[in-house]
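Report on one structure; see the data block that follows.
Every number here is computed from the coordinates shown, using simple stated rules; none is lab data. Given the structure is predicted, the values throughout are model-derived calculations rather than measurements. As a convention, Cβ positions derive from the backbone with ideal geometry for all residues, glycine included, and neighbour counts pool all protein chains shown.
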Amino acid sequence: MRKMMIRAALVALPLTMSVAAFAGTIADPVVERVASDKLAIRWSDADPVDLLQADRPDAPIANATLVAAGDKDGVREVQVAPGTRPYFLLRDSKSGAVTRVAERVLVMEQSSNFRDLGGYPAAGGKHVRWGRIYRSGGQAMLTPADVAQVKALGVANLVDLRSDEERLFAPTKLDGIAYNAVGYSMAAMMQGMKFDPKNMDMAKQAEAYAGTYRGMATQLKPQLRIVFARLLSKDGPLLYNCSAGQDRTGFVSAMILSALGVPRDVIYRDYVLSTPSRRPQYEVPPMSDAVAQSSPIAGMFAQMQKGGAMAKANPLVLPDGTPFLTYAFAEIDQKWGSVDAYLAQEIGLTPVDIAALRTAYLE
């Protein structure tokens, strides 16, 4: 059932980004892992398409291996080694236009909400590069195989958006990767939320979430400065996370995608993809009584585990379908006038920085 939910979300997302494929164009490419050793690649094109496979996100087509020539039905299954992550190039056989695509959601043994921001339409008719920017939930329960799989992605920097309390009772397993974090208390972030861990009904907790999202632009400024500094350093692929990989991580993703010129409706669709992509049981280790008593935040997480609140992911939308992320955008628009102004005034991004980001992370 969970694989079906992710598949539906992945398939629905690109369909809203493009019109029906015309001659010479490739539309709606999606890669889905249908088994540990099998991927399904789907696309739309009025022309036959050559499908090629590469082991690097930046591999030129000359270095890719031909999988199928002149494919007309828009779907192909490919055998792969478990734990590997290939990239695919789709070439229109008539126009020669090439589109790159890969798995968006990387489902490992004990990962949650681990995703690639690649492929989204961005400024200048370009798309976000695959294999350069990753977002995820907490990594405290990754298995050794999962850790090896993440390191195989070449991640150069990890930015942990979590609070002091979360990083203490659920430390990352990704040792050996440059680690970046800014200390703060989750209790301070949640002040005034009136958040009730015993009642996770989204309709009743809407105002609590609204207050949290309104404060993110201010509360996460230090973390955003680090994220953009690491992106501008171009050391290699970047990974950032919070516990669920949806709220704080969703806000940071929205700011990155905005800087790259990704339309806001696409940003919202990436944001809500967290719900089918999460596996909450792997975000925080089981909490002992001793750990639960170490801080109010640890106690809150323990209560959520015992009460079943972490058994499944709740939708990130109001009852009318409005994403919670709209509160953050509304706050930015009201206080700074635009995301561009916010990034310039509070994060310190100059027009030269924006141009450099788009050069490095768009293709």
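For the stretch 115-361, the Cβ-based charge dipole about the Cα centre amounts to some 420 debye (Lys, Arg positive; Asp, Glu negative; other atoms uncharged). Using the Cβ-Cβ distance between A62 and D289 with R0 set to 51 Å, the FRET efficiency works out to roughly 0.30. Pairs from the list K38/K306; K173/K306; K234/K306 with a Cα-Cα gap above 31 Å: K38/K306; K234/K306. Each of E77 and A156 was given a label point 7 Å from its Cα along the Cα-to-Cβ line. The distance between the two points is 3.9 nm.
Normalising the average separation of contacting C-alpha pairs (under 8 angstrom, six or more residues apart) by the number of residues puts the relative contact order of the stretch 70-133 at 19 percent. From its DSSP helices (H runs of at least four residues, each -39,500 (n - 2.57)), the chain gives a residue-normalised ellipticity at 222 nm of -10000 deg cm²/dmol.
The charge dipole of the stretch 276-363, taken about the Cα centre with unit charges on the Cβ atoms of Lys, Arg (+1) and Asp, Glu (-1), comes to about 420 debye, rounded to the nearest 20. Under the combined filter of DSSP loop state and at most 14 neighbouring Cβ atoms within 10 Å, the stretch 215-270 retains these trypsin sites (Lys or Arg not before Pro): K234. Here the chain carries DSSP beta bridges of which approximately 70% are antiparallel, counting only pairs with both residues inside.
Only Lys, Arg, Asp and Glu carry charge here, each on its Cβ (+1 for the first two, -1 for the last two); on that basis the stretch 87-167 has a dipole of about 580 debye about its Cα centre. Fully extending the segment from T143 to E363 would add 75.9 nm, taking 0.36 nm per residue of separation and subtracting the current Cα-Cα distance.
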